[in-house]
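A quick write-up on the structure given underneath.
The values are calculated or read from the model by the stated rules, or taken from the named source; none is laboratory data. All figures in this text were calculated on a predicted structure; none of them were measured in a lab. Here Cβ is always computed from backbone atoms with ideal geometry, including for glycine, and neighbour counts include all displayed protein chains.
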Amino acid sequence: MERNLMKGNEALAEAAIRAGCKCFFGYPITPQTELAAYMAKRMHKAGGVFLQAESEIAAINMVLGAASTGVRAMTSSSSPGISLKSEGVSYIAGSDLPAVIINVERGGPGLGGIQPSQADYWQATKALGHGDFQLLVYAPASVQEMVDYVVKAFDRADKYRMPAMILADGLLGQMMEPVSFPEINPDAYDKSGWAANGHNNARDHHIINSLYLQPDELERSIIDRYKRYEIIKETETEAELYLTEDCDILLCAFGATARVVKSAVNTAREQGIKAGLFRPKTLWPFPVKEINEAAKNAKALLSVEMSMGQMVDDIKLAINCSKPVEFFGRTGGVIPTPAEVLAEIKRIGGTL
Amino acid sequence: MATTEILLAGFGGQGILFAGKILAYCGLMDNKELSWLPSYGPEMRGGTCNCSVCISDEPIGSPLVLTPDILVVMNQPSFDKFVKDVKPGGKVFFDSTMIEASTDRTDIELYGIPSQQMADDNALKGGSNIILLGKLLKETEICSLDTMKKAIEKVVPPKKAALIPNNYKAIELGMNA
(Lines give C-alpha, C1' and ligand atoms only; values in the text may rest on other atoms or scores of the structure.)
Protein backbone atom coordinates (compact mmCIF):
# COMPACT_ATOMS: atom_id res chain seq x y z
CA MET A 1 0.00 0.00 0.00
CA GLU A 2 1.27 3.48 -0.83
CA ARG A 3 2.78 5.38 2.07
CA ASN A 4 1.93 9.06 2.24
CA LEU A 5 3.50 11.57 4.58
CA MET A 6 0.77 13.60 6.26
CA LYS A 7 0.03 15.66 9.33
CA GLY A 8 -2.36 14.03 11.78
CA ASN A 9 -4.93 16.75 11.20
CA GLU A 10 -4.79 16.27 7.41
CA ALA A 11 -5.01 12.50 7.76
CA LEU A 12 -8.16 12.86 9.89
CA ALA A 13 -9.73 14.97 7.14
CA GLU A 14 -8.69 12.72 4.25
CA ALA A 15 -9.89 9.62 6.10
CA ALA A 16 -13.26 11.25 6.80
CA ILE A 17 -13.73 12.10 3.11
CA ARG A 18 -12.81 8.56 2.11
CA ALA A 19 -15.21 7.22 4.74
CA GLY A 20 -18.02 9.02 2.94
CA CYS A 21 -18.32 12.12 5.09
CA LYS A 22 -20.51 14.44 3.00
CA CYS A 23 -20.84 17.38 5.37
CA PHE A 24 -18.15 19.07 7.44
CA PHE A 25 -18.98 22.04 9.63
CA GLY A 26 -16.21 23.69 11.57
CA TYR A 27 -14.72 26.76 13.08
CA PRO A 28 -10.96 27.42 13.21
CA ILE A 29 -8.97 26.83 16.38
CA THR A 30 -5.34 25.90 17.02
CA PRO A 31 -4.14 23.12 16.99
CA GLN A 32 -6.75 21.53 14.68
CA THR A 33 -7.01 24.20 11.98
CA GLU A 34 -5.23 22.16 9.28
CA LEU A 35 -8.14 19.72 9.41
CA ALA A 36 -10.69 22.38 8.47
CA ALA A 37 -8.28 23.89 5.92
CA TYR A 38 -7.85 20.48 4.26
CA MET A 39 -11.63 20.02 4.18
CA ALA A 40 -12.05 23.47 2.63
CA LYS A 41 -9.68 22.47 -0.17
CA ARG A 42 -10.87 18.91 -0.80
CA MET A 43 -14.51 18.55 0.24
CA HIS A 44 -16.19 20.24 -2.72
CA LYS A 45 -14.11 18.15 -5.15
CA ALA A 46 -15.29 15.04 -3.29
CA GLY A 47 -18.92 16.02 -3.80
CA GLY A 48 -19.54 17.14 -0.24
CA VAL A 49 -20.13 20.32 1.70
CA PHE A 50 -17.55 22.28 3.67
CA LEU A 51 -18.89 25.14 5.67
CA GLN A 52 -17.12 27.39 8.12
CA ALA A 53 -19.90 28.20 10.54
CA GLU A 54 -20.25 31.45 12.48
CA SER A 55 -19.42 29.65 15.72
CA GLU A 56 -18.78 26.22 17.21
CA ILE A 57 -22.39 26.09 18.44
CA ALA A 58 -23.70 26.72 14.93
CA ALA A 59 -21.33 24.07 13.53
CA ILE A 60 -22.50 21.29 15.85
CA ASN A 61 -26.15 22.12 15.18
CA MET A 62 -25.45 21.94 11.44
CA VAL A 63 -24.03 18.47 12.10
CA LEU A 64 -27.28 17.59 13.87
CA GLY A 65 -29.26 18.76 10.85
CA ALA A 66 -27.12 16.96 8.31
CA ALA A 67 -27.02 13.74 10.34
CA SER A 68 -30.84 13.86 10.55
CA THR A 69 -31.01 13.39 6.79
CA GLY A 70 -28.86 10.27 7.00
CA VAL A 71 -25.61 11.60 5.52
CA ARG A 72 -22.29 11.17 7.25
CA ALA A 73 -21.45 14.43 9.02
CA MET A 74 -18.52 15.60 11.11
CA THR A 75 -17.20 18.54 13.06
CA SER A 76 -13.82 19.17 14.62
CA SER A 77 -12.40 21.55 17.16
CA SER A 78 -10.03 21.81 20.08
CA SER A 79 -10.83 21.83 23.78
CA PRO A 80 -12.51 25.24 24.34
CA GLY A 81 -14.46 24.80 21.11
CA ILE A 82 -15.59 21.32 22.15
CA SER A 83 -17.04 22.78 25.35
CA LEU A 84 -19.13 25.12 23.20
CA LYS A 85 -20.40 22.14 21.21
CA SER A 86 -21.55 20.22 24.26
CA GLU A 87 -25.21 21.24 24.04
CA GLY A 88 -25.44 20.09 20.44
CA VAL A 89 -23.68 16.80 21.22
CA SER A 90 -26.28 16.08 23.90
CA TYR A 91 -29.09 16.79 21.39
CA ILE A 92 -27.44 14.50 18.82
CA ALA A 93 -27.21 11.71 21.40
CA GLY A 94 -30.81 12.35 22.53
CA SER A 95 -31.97 12.16 18.91
CA ASP A 96 -30.11 8.87 18.29
CA LEU A 97 -28.12 10.36 15.43
CA PRO A 98 -24.75 9.18 14.14
CA ALA A 99 -22.04 11.85 13.93
CA VAL A 100 -18.28 12.14 14.34
CA ILE A 101 -16.72 14.79 16.56
CA ILE A 102 -12.98 15.36 16.61
CA ASN A 103 -11.20 16.96 19.54
CA VAL A 104 -7.53 17.82 18.98
CA GLU A 105 -6.96 18.70 22.62
CA ARG A 106 -5.02 21.68 23.95
CA GLY A 107 -4.40 22.89 27.49
CA GLY A 108 -7.33 24.09 29.61
CA PRO A 109 -9.38 25.14 31.52
CA GLY A 110 -10.73 28.30 29.96
CA LEU A 111 -8.83 29.40 26.87
CA GLY A 112 -5.89 27.56 28.44
CA GLY A 113 -3.03 27.27 25.96
CA ILE A 114 -2.40 25.85 22.51
CA GLN A 115 0.07 23.07 23.32
CA PRO A 116 -0.94 19.37 23.57
CA SER A 117 -3.07 18.14 26.48
CA GLN A 118 -5.27 15.21 27.52
CA ALA A 119 -7.25 17.08 30.12
CA ASP A 120 -10.57 16.55 28.31
CA TYR A 121 -10.66 12.85 29.26
CA TRP A 122 -13.40 13.36 31.81
CA GLN A 123 -15.37 15.57 29.45
CA ALA A 124 -15.18 13.00 26.64
CA THR A 125 -15.84 9.87 28.68
CA LYS A 126 -18.21 11.12 31.37
CA ALA A 127 -20.04 14.32 30.54
CA LEU A 128 -19.88 15.93 27.13
CA GLY A 129 -23.26 17.53 27.70
CA HIS A 130 -26.25 17.09 29.98
CA GLY A 131 -28.36 13.98 30.43
CA ASP A 132 -27.87 10.22 30.48
CA PHE A 133 -25.70 9.41 27.48
CA GLN A 134 -22.29 8.26 26.33
CA LEU A 135 -20.09 8.87 23.32
CA LEU A 136 -17.89 6.25 21.74
CA VAL A 137 -14.41 7.64 22.37
CA TYR A 138 -11.38 6.54 20.36
CA ALA A 139 -7.83 7.52 21.33
CA PRO A 140 -5.42 7.16 18.40
CA ALA A 141 -1.66 7.22 19.09
CA SER A 142 -0.30 7.63 15.57
CA VAL A 143 -1.21 9.31 12.32
CA GLN A 144 -2.13 5.88 10.92
CA GLU A 145 -4.51 5.30 13.82
CA MET A 146 -6.05 8.73 13.17
CA VAL A 147 -7.09 7.31 9.79
CA ASP A 148 -8.15 3.90 11.07
CA TYR A 149 -10.27 5.30 13.90
CA VAL A 150 -12.01 7.97 11.85
CA VAL A 151 -13.14 5.17 9.54
CA LYS A 152 -14.23 3.08 12.51
CA ALA A 153 -15.91 6.03 14.25
CA PHE A 154 -18.13 6.67 11.21
CA ASP A 155 -18.95 2.98 10.99
CA ARG A 156 -19.81 2.50 14.65
CA ALA A 157 -21.70 5.80 14.83
CA ASP A 158 -23.95 4.50 12.04
CA LYS A 159 -24.17 1.02 13.51
CA TYR A 160 -25.29 2.20 16.97
CA ARG A 161 -26.87 5.51 15.91
CA MET A 162 -24.82 7.57 18.34
CA PRO A 163 -22.08 10.21 18.27
CA ALA A 164 -18.48 9.01 18.24
CA MET A 165 -15.45 11.07 19.18
CA ILE A 166 -11.80 10.97 18.19
CA LEU A 167 -9.90 12.26 21.22
CA ALA A 168 -6.52 13.35 19.87
CA ASP A 169 -4.14 16.08 20.98
CA GLY A 170 -2.02 18.85 19.49
CA LEU A 171 1.02 16.63 19.17
CA LEU A 172 -0.79 13.99 17.10
CA GLY A 173 -2.55 16.67 15.07
CA GLN A 174 0.64 18.54 14.19
CA MET A 175 3.07 15.67 13.59
CA MET A 176 3.68 14.01 10.23
CA GLU A 177 4.12 10.26 9.85
CA PRO A 178 3.78 7.80 6.98
CA VAL A 179 0.18 6.76 6.51
CA SER A 180 -1.75 4.44 4.19
CA PHE A 181 -5.43 4.57 3.35
CA PRO A 182 -7.38 1.31 3.40
CA GLU A 183 -10.24 0.38 1.10
CA ILE A 184 -13.40 1.74 2.71
CA ASN A 185 -17.03 0.77 2.17
CA PRO A 186 -19.01 3.71 3.52
CA ASP A 187 -22.51 2.52 2.59
CA ALA A 188 -22.92 -0.44 4.88
CA TYR A 189 -25.94 0.80 6.84
CA ASP A 190 -29.52 1.29 5.71
CA LYS A 191 -30.88 4.55 7.15
CA SER A 192 -34.12 4.58 5.20
CA GLY A 193 -36.11 3.58 8.30
CA TRP A 194 -35.37 6.78 10.19
CA ALA A 195 -33.60 9.41 8.07
CA ALA A 196 -35.60 12.62 7.61
CA ASN A 197 -34.82 13.17 3.94
CA GLY A 198 -37.03 14.18 1.03
CA HIS A 199 -39.56 11.53 -0.09
CA ASN A 200 -42.37 13.35 -1.91
CA ASN A 201 -45.00 11.99 0.49
CA ALA A 202 -44.11 8.43 -0.50
CA ARG A 203 -43.98 7.37 3.15
CA ASP A 204 -44.91 8.58 6.64
CA HIS A 205 -42.86 11.39 8.12
CA HIS A 206 -39.73 10.52 10.02
CA ILE A 207 -39.35 12.69 13.09
CA ILE A 208 -35.98 13.47 14.66
CA ASN A 209 -36.52 14.62 18.21
CA SER A 210 -34.97 14.68 21.66
CA LEU A 211 -37.96 16.13 23.52
CA TYR A 212 -40.17 13.74 25.54
CA LEU A 213 -42.59 15.49 27.89
CA GLN A 214 -43.89 12.22 29.31
CA PRO A 215 -41.31 11.01 31.84
CA ASP A 216 -42.01 7.32 31.24
CA GLU A 217 -41.49 7.77 27.48
CA LEU A 218 -38.21 9.58 28.07
CA GLU A 219 -37.15 6.91 30.53
CA ARG A 220 -37.95 4.19 27.98
CA SER A 221 -35.90 5.91 25.28
CA ILE A 222 -32.93 6.20 27.66
CA ILE A 223 -33.17 2.59 28.80
CA ASP A 224 -33.23 1.47 25.15
CA ARG A 225 -30.09 3.50 24.56
CA TYR A 226 -28.38 1.98 27.61
CA LYS A 227 -29.16 -1.52 26.30
CA ARG A 228 -27.09 -0.58 23.25
CA TYR A 229 -24.36 0.75 25.54
CA GLU A 230 -24.21 -2.65 27.25
CA ILE A 231 -23.63 -4.35 23.89
CA ILE A 232 -20.96 -1.77 23.09
CA LYS A 233 -19.19 -2.39 26.42
CA GLU A 234 -19.15 -6.11 25.63
CA THR A 235 -17.99 -5.89 22.03
CA GLU A 236 -16.24 -2.63 21.21
CA THR A 237 -13.35 -2.29 23.67
CA GLU A 238 -9.86 -2.13 22.18
CA ALA A 239 -6.43 -1.89 23.77
CA GLU A 240 -2.77 -2.52 23.05
CA LEU A 241 -0.88 -4.71 25.52
CA TYR A 242 2.89 -4.23 25.24
CA LEU A 243 5.30 -6.42 27.22
CA THR A 244 2.61 -7.05 29.82
CA GLU A 245 2.90 -10.85 30.12
CA ASP A 246 5.60 -10.80 32.81
CA CYS A 247 5.54 -7.17 33.92
CA ASP A 248 5.99 -6.13 37.56
CA ILE A 249 4.92 -2.59 36.88
CA LEU A 250 2.16 -1.82 34.41
CA LEU A 251 2.12 1.64 32.88
CA CYS A 252 -1.20 2.92 31.57
CA ALA A 253 -1.27 5.65 28.95
CA PHE A 254 -3.22 6.59 25.84
CA GLY A 255 -2.69 8.75 22.76
CA ALA A 256 0.56 10.67 22.32
CA THR A 257 1.56 10.01 25.93
CA ALA A 258 1.60 6.27 25.24
CA ARG A 259 4.41 6.84 22.73
CA VAL A 260 6.52 8.61 25.35
CA VAL A 261 5.72 5.84 27.84
CA LYS A 262 6.64 3.11 25.35
CA SER A 263 10.09 4.68 24.93
CA ALA A 264 10.45 4.68 28.75
CA VAL A 265 9.26 1.05 29.02
CA ASN A 266 11.84 -0.02 26.44
CA THR A 267 14.63 1.73 28.36
CA ALA A 268 13.41 0.22 31.65
CA ARG A 269 13.51 -3.27 30.08
CA GLU A 270 17.08 -2.64 28.85
CA GLN A 271 17.95 -1.88 32.48
CA GLY A 272 16.32 -5.09 33.74
CA ILE A 273 13.11 -3.55 35.09
CA LYS A 274 10.04 -5.54 34.10
CA ALA A 275 7.79 -2.76 32.88
CA GLY A 276 4.86 -3.11 30.49
CA LEU A 277 2.32 -0.82 28.83
CA PHE A 278 -1.46 -0.96 28.71
CA ARG A 279 -2.79 1.45 26.09
CA PRO A 280 -6.56 1.87 25.86
CA LYS A 281 -7.58 2.63 22.28
CA THR A 282 -11.21 3.03 23.31
CA LEU A 283 -11.62 5.33 26.32
CA TRP A 284 -15.37 4.75 26.40
CA PRO A 285 -16.02 1.92 26.68
CA PHE A 286 -12.96 1.49 28.90
CA PRO A 287 -11.19 -1.83 28.14
CA VAL A 288 -11.90 -3.52 31.49
CA LYS A 289 -11.17 -7.11 30.41
CA GLU A 290 -7.99 -6.04 28.67
CA ILE A 291 -6.53 -4.11 31.60
CA ASN A 292 -7.22 -7.00 33.97
CA GLU A 293 -5.40 -9.30 31.58
CA ALA A 294 -2.49 -6.84 31.32
CA ALA A 295 -2.32 -6.32 35.09
CA LYS A 296 -2.63 -9.97 36.13
CA ASN A 297 1.03 -10.29 37.23
CA ALA A 298 1.76 -6.64 37.98
CA LYS A 299 2.46 -5.47 41.51
CA ALA A 300 1.65 -1.84 40.82
CA LEU A 301 0.13 0.31 38.09
CA LEU A 302 1.25 3.75 36.97
CA SER A 303 -1.02 5.99 34.94
CA VAL A 304 0.84 8.57 32.85
CA GLU A 305 -1.20 11.37 31.35
CA MET A 306 -1.07 14.92 30.06
CA SER A 307 -3.57 15.92 32.75
CA MET A 308 -3.80 15.84 36.53
CA GLY A 309 -4.76 12.16 36.46
CA GLN A 310 -8.22 11.95 34.95
CA MET A 311 -7.88 8.27 33.91
CA VAL A 312 -6.82 7.04 37.36
CA ASP A 313 -10.38 6.47 38.63
CA ASP A 314 -11.31 4.38 35.58
CA ILE A 315 -8.22 2.22 36.11
CA LYS A 316 -9.02 1.73 39.82
CA LEU A 317 -12.62 0.79 39.03
CA ALA A 318 -11.58 -1.54 36.22
CA ILE A 319 -9.24 -3.52 38.46
CA ASN A 320 -11.58 -3.14 41.45
CA CYS A 321 -8.81 -1.37 43.42
CA SER A 322 -7.01 -4.72 43.67
CA LYS A 323 -3.56 -3.12 43.24
CA PRO A 324 -2.02 0.26 43.94
CA VAL A 325 -2.52 2.75 41.09
CA GLU A 326 0.06 5.54 41.05
CA PHE A 327 0.02 8.62 38.85
CA PHE A 328 2.53 10.75 37.00
CA GLY A 329 1.51 13.55 34.68
CA ARG A 330 2.36 16.87 33.15
CA THR A 331 -0.37 19.29 32.24
CA GLY A 332 -1.10 22.69 30.74
CA GLY A 333 0.57 21.77 27.45
CA VAL A 334 3.77 20.26 28.84
CA ILE A 335 4.68 16.89 27.30
CA PRO A 336 6.23 14.36 29.72
CA THR A 337 9.67 13.09 28.69
CA PRO A 338 10.75 9.43 28.56
CA ALA A 339 13.40 10.27 31.20
CA GLU A 340 10.78 11.62 33.61
CA VAL A 341 8.61 8.54 33.13
CA LEU A 342 11.60 6.25 33.63
CA ALA A 343 12.40 8.04 36.90
CA GLU A 344 8.83 7.38 38.06
CA ILE A 345 9.08 3.71 37.08
CA LYS A 346 12.22 3.47 39.21
CA ARG A 347 10.63 5.34 42.09
CA ILE A 348 7.70 2.92 42.16
CA GLY A 349 9.85 -0.08 41.26
CA GLY A 350 11.89 0.62 44.37
CA THR A 351 8.88 0.15 46.63
CA LEU A 352 7.77 -3.20 45.15
CA MET B 1 20.27 1.33 12.58
CA ALA B 2 18.99 2.77 15.82
CA THR B 3 16.80 5.83 15.69
CA THR B 4 18.45 8.99 14.37
CA GLU B 5 17.02 12.00 16.17
CA ILE B 6 17.40 15.32 14.37
CA LEU B 7 16.53 18.77 15.67
CA LEU B 8 16.38 21.76 13.32
CA ALA B 9 16.11 25.25 14.78
CA GLY B 10 16.25 28.87 13.71
CA PHE B 11 14.07 31.93 13.09
CA GLY B 12 10.61 31.56 11.57
CA GLY B 13 11.00 32.12 7.81
CA GLN B 14 14.45 30.53 7.43
CA GLY B 15 12.96 27.31 6.10
CA ILE B 16 13.44 25.19 9.21
CA LEU B 17 10.20 23.24 8.76
CA PHE B 18 10.88 22.88 5.03
CA ALA B 19 14.35 21.44 5.63
CA GLY B 20 12.85 19.09 8.24
CA LYS B 21 10.26 17.99 5.71
CA ILE B 22 12.99 17.11 3.21
CA LEU B 23 14.71 14.92 5.82
CA ALA B 24 11.37 13.30 6.68
CA TYR B 25 10.73 12.53 3.01
CA CYS B 26 14.25 11.05 2.76
CA GLY B 27 13.09 8.57 5.40
CA LEU B 28 9.88 7.91 3.48
CA MET B 29 11.77 7.34 0.20
CA ASP B 30 14.07 4.85 1.94
CA ASN B 31 11.08 3.00 3.45
CA LYS B 32 12.07 3.86 7.01
CA GLU B 33 9.89 4.67 9.98
CA LEU B 34 9.86 8.40 10.63
CA SER B 35 8.16 11.30 12.33
CA TRP B 36 8.19 15.07 11.82
CA LEU B 37 6.98 17.38 14.55
CA PRO B 38 7.00 21.19 14.27
CA SER B 39 6.89 23.69 17.07
CA TYR B 40 3.63 25.51 16.55
CA GLY B 41 2.03 28.65 17.84
CA PRO B 42 3.55 32.05 18.55
CA GLU B 43 7.09 30.84 17.82
CA MET B 44 6.24 30.41 14.16
CA ARG B 45 5.47 34.08 13.76
CA GLY B 46 8.91 35.64 13.81
CA GLY B 47 10.30 34.08 16.96
CA THR B 48 12.45 30.99 17.13
CA CYS B 49 11.08 27.93 15.43
CA ASN B 50 12.13 24.31 15.64
CA CYS B 51 11.30 20.95 14.20
CA SER B 52 11.93 17.38 15.39
CA VAL B 53 12.61 14.63 12.86
CA CYS B 54 13.13 10.96 13.82
CA ILE B 55 14.24 8.37 11.27
CA SER B 56 14.47 4.71 12.29
CA ASP B 57 14.11 1.08 11.30
CA GLU B 58 11.81 0.62 14.32
CA PRO B 59 8.45 2.29 15.07
CA ILE B 60 9.03 5.77 16.54
CA GLY B 61 8.22 6.27 20.21
CA SER B 62 8.13 9.87 21.33
CA PRO B 63 8.40 12.12 18.24
CA LEU B 64 9.70 15.00 20.35
CA VAL B 65 13.50 15.27 20.02
CA LEU B 66 15.06 16.37 23.31
CA THR B 67 18.60 15.02 22.86
CA PRO B 68 19.44 15.16 19.15
CA ASP B 69 22.05 13.05 17.35
CA ILE B 70 22.08 15.79 14.73
CA LEU B 71 21.40 19.47 15.32
CA VAL B 72 20.88 21.82 12.37
CA VAL B 73 20.85 25.36 13.62
CA MET B 74 20.44 28.69 11.86
CA ASN B 75 20.47 31.39 14.52
CA GLN B 76 22.42 32.29 17.66
CA PRO B 77 19.61 31.91 20.23
CA SER B 78 18.87 28.39 18.98
CA PHE B 79 22.56 27.44 18.98
CA ASP B 80 22.94 28.68 22.55
CA LYS B 81 19.74 26.92 23.62
CA PHE B 82 20.20 23.51 22.02
CA VAL B 83 23.94 22.82 21.74
CA LYS B 84 24.01 21.56 25.34
CA ASP B 85 21.33 18.95 24.52
CA VAL B 86 23.20 17.24 21.67
CA LYS B 87 24.10 13.61 22.46
CA PRO B 88 27.81 12.92 23.08
CA GLY B 89 29.28 12.07 19.67
CA GLY B 90 26.52 14.05 17.99
CA LYS B 91 26.95 16.44 15.08
CA VAL B 92 26.01 20.10 14.85
CA PHE B 93 25.55 21.83 11.48
CA PHE B 94 25.32 25.59 11.67
CA ASP B 95 25.43 28.74 9.59
CA SER B 96 28.66 30.49 10.53
CA THR B 97 27.44 33.71 8.89
CA MET B 98 24.84 33.99 11.63
CA ILE B 99 26.36 32.08 14.51
CA GLU B 100 29.42 32.40 16.66
CA ALA B 101 30.03 28.88 17.86
CA SER B 102 30.92 29.40 21.49
CA THR B 103 30.60 26.17 23.43
CA ASP B 104 32.81 24.33 25.89
CA ARG B 105 31.65 20.96 24.62
CA THR B 106 34.44 18.82 23.22
CA ASP B 107 32.38 15.61 22.83
CA ILE B 108 30.47 16.76 19.76
CA GLU B 109 31.47 17.54 16.18
CA LEU B 110 30.85 21.07 14.92
CA TYR B 111 30.38 21.74 11.21
CA GLY B 112 30.06 25.46 10.56
CA ILE B 113 29.72 26.74 7.01
CA PRO B 114 28.77 30.25 5.90
CA SER B 115 25.58 28.99 4.31
CA GLN B 116 23.79 32.36 4.29
CA GLN B 117 26.78 34.02 2.58
CA MET B 118 27.06 31.12 0.12
CA ALA B 119 23.37 31.43 -0.74
CA ASP B 120 23.76 35.16 -1.37
CA ASP B 121 26.93 34.69 -3.48
CA ASN B 122 25.23 32.09 -5.67
CA ALA B 123 21.89 33.86 -6.15
CA LEU B 124 20.12 31.17 -4.12
CA LYS B 125 17.84 33.40 -2.07
CA GLY B 126 16.50 31.44 0.89
CA GLY B 127 18.77 28.50 0.12
CA SER B 128 20.85 28.62 3.29
CA ASN B 129 18.81 25.81 4.89
CA ILE B 130 19.33 23.51 1.90
CA ILE B 131 23.06 24.26 1.77
CA LEU B 132 23.25 23.07 5.39
CA LEU B 133 21.37 19.90 4.40
CA GLY B 134 24.03 19.31 1.73
CA LYS B 135 26.73 19.49 4.38
CA LEU B 136 24.70 17.15 6.61
CA LEU B 137 24.33 14.70 3.72
CA LYS B 138 28.11 14.70 3.22
CA GLU B 139 29.03 14.18 6.88
CA THR B 140 26.38 11.65 8.00
CA GLU B 141 24.90 8.36 6.83
CA ILE B 142 21.39 9.76 6.75
CA CYS B 143 20.66 8.82 3.12
CA SER B 144 22.05 8.95 -0.43
CA LEU B 145 22.22 12.03 -2.65
CA ASP B 146 19.74 10.33 -4.94
CA THR B 147 17.26 9.89 -2.08
CA MET B 148 17.59 13.52 -1.06
CA LYS B 149 17.01 14.69 -4.63
CA LYS B 150 13.84 12.61 -4.78
CA ALA B 151 12.74 14.02 -1.44
CA ILE B 152 13.22 17.57 -2.72
CA GLU B 153 11.05 16.79 -5.75
CA LYS B 154 8.32 15.65 -3.34
CA VAL B 155 8.52 18.58 -0.95
CA VAL B 156 8.78 21.48 -3.41
CA PRO B 157 5.15 22.30 -4.30
CA PRO B 158 4.22 21.75 -8.00
CA LYS B 159 3.70 25.51 -8.51
CA LYS B 160 7.34 26.11 -7.57
CA ALA B 161 8.81 23.16 -9.47
CA ALA B 162 11.07 25.59 -11.35
CA LEU B 163 13.03 26.00 -8.11
CA ILE B 164 14.03 22.32 -7.90
CA PRO B 165 17.35 22.81 -9.81
CA ASN B 166 18.25 25.63 -7.37
CA ASN B 167 17.74 23.23 -4.49
CA TYR B 168 19.99 20.65 -6.18
CA LYS B 169 22.61 23.35 -6.60
CA ALA B 170 22.30 24.29 -2.92
CA ILE B 171 22.80 20.66 -1.88
CA GLU B 172 25.90 20.45 -4.08
CA LEU B 173 27.33 23.66 -2.59
CA GLY B 174 26.83 22.30 0.90
CA MET B 175 28.42 18.95 0.06
CA ASN B 176 31.52 20.67 -1.27
CA ALA B 177 31.80 23.24 1.51
Worksheet entry | Evaluation of A:Lys262 against (1) surrounded by 22 or more Cβ atoms within 10 Å (Cβ to Cβ); (2) in contact with a helix residue (DSSP H, G or I) (Cβ under 7 Å, 6 or more places away or on another chain); (3) within 14 Å of chain B (Cβ to nearest Cβ) (one fails), failing number | (2)
Practice prompt. Identify the single condition in (1) within 14 Å of another protein chain (Cβ to nearest Cβ); (2) surrounded by fewer than 24 Cβ atoms within 10 Å (Cβ to Cβ) that A:Tyr189 does not satisfy, given that it satisfies every other one.
Written response: (1)
Worksheet item: Among the residues of the range B:68-76, is there at least one that is over 27 Å from A:Ile335 (Cα atoms) and out of contact with any strand residue (DSSP E or B) (no Cβ under 9 Å at 6 or more places or on another chain)?
Response: no
Discussion item. If the requirement is being under 15 Å from the mean Cα position of the chain (by Cα) and at pLDDT below 95, which of these qualifies: A:Ala157, A:Ala202, A:Ala127?
Written reply: A:Ala127
Item to complete: Go through the range A:108-158 and give me each residue that's crowded, with 22+ Cβ neighbours inside 10 Å, in a loop (DSSP other than H, G, I, E, B) and β-branched (Val, Ile, Thr).
Response: none
Item to complete: State whether one or more residues within the range A:160-171 are in a helix (DSSP H, G or I), more than 14 Å from chain B (Cβ to nearest Cβ), surrounded by 17 or more Cβ atoms within 10 Å (Cβ to Cβ) and touching a residue at least 24 places away in the same chain (Cβ under 8 Å).
Response: yes
Discussion item. Please pick out the residue among A:Gly81, A:Gly110, A:Gly48 that is touching a Lys or Arg at 6+ places or on another chain (Cβ under 7 Å) and modelled with pLDDT of 95 or more.
Written reply: A:Gly48
Worksheet item: Across the range A:176-217, what is the total count of residues that are part of a loop (DSSP other than H, G, I, E, B) and under 20 Å from A:Val151 (Cα atoms)?
Response: 12
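Only residues that are part of a helix (DSSP H, G or I) and in contact (Cβ under 8 Å) with a residue 60 or more places away in the chain: list them for the range B:130-155, please.
B:Ile130, B:Leu132, B:Leu133, B:Leu136, B:Thr147, B:Met148, B:Lys150, B:Ala151, B:Ile152, B:Lys154, B:Val155, listed by residue number.
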Worksheet item: Looking only at the range B:101-123, which residues are modelled with pLDDT of 95 or more and within 19 Å of B:Phe11 (Cα to Cα)?
Response: B:Gly112, B:Ile113, B:Pro114, B:Ser115, B:Gln116, B:Gln117, B:Met118, B:Ala119, B:Asp120
Worksheet item: Looking only at the range A:95-119, which residues are over 15 Å from the mean Cα position of the chain (by Cα) and closer than 20 Å to A:Asn197 by Cβ?
Response: A:Ser95, A:Asp96, A:Leu97
Discussion item. From the list A:Leu5, A:Leu35, A:Leu64, A:Leu97, exactly one residue is at pLDDT 95 or above, touching a helix residue (DSSP H, G or I) at 6+ places or on another chain (Cβ under 7 Å) and in a loop (DSSP other than H, G, I, E, B). Which is it?
Written reply: A:Leu97
Item to complete: Kindly list the number of the only condition in (1) under 25 Å from A:Leu172 (Cβ atoms); (2) among the acidic types (Asp, Glu); (3) modelled with pLDDT under 95 that fails for B:Asp85.
Response: (3)
Practice prompt. Please work out which residue is surrounded by the most Cβ atoms within 10 Å (Cβ to Cβ), limiting yourself to the range A:172-186 and to residues that are within 14 Å of chain B (Cβ to nearest Cβ) and more than 25 Å from A:Gly113 (Cβ to Cβ).
Written response: A:Val179
Worksheet entry | Total residues in the range A:286-306, condition surrounded by fewer than 24 Cβ atoms within 10 Å (Cβ to Cβ) and touching a residue at least 60 places away in the same chain (Cβ under 8 Å) | 1
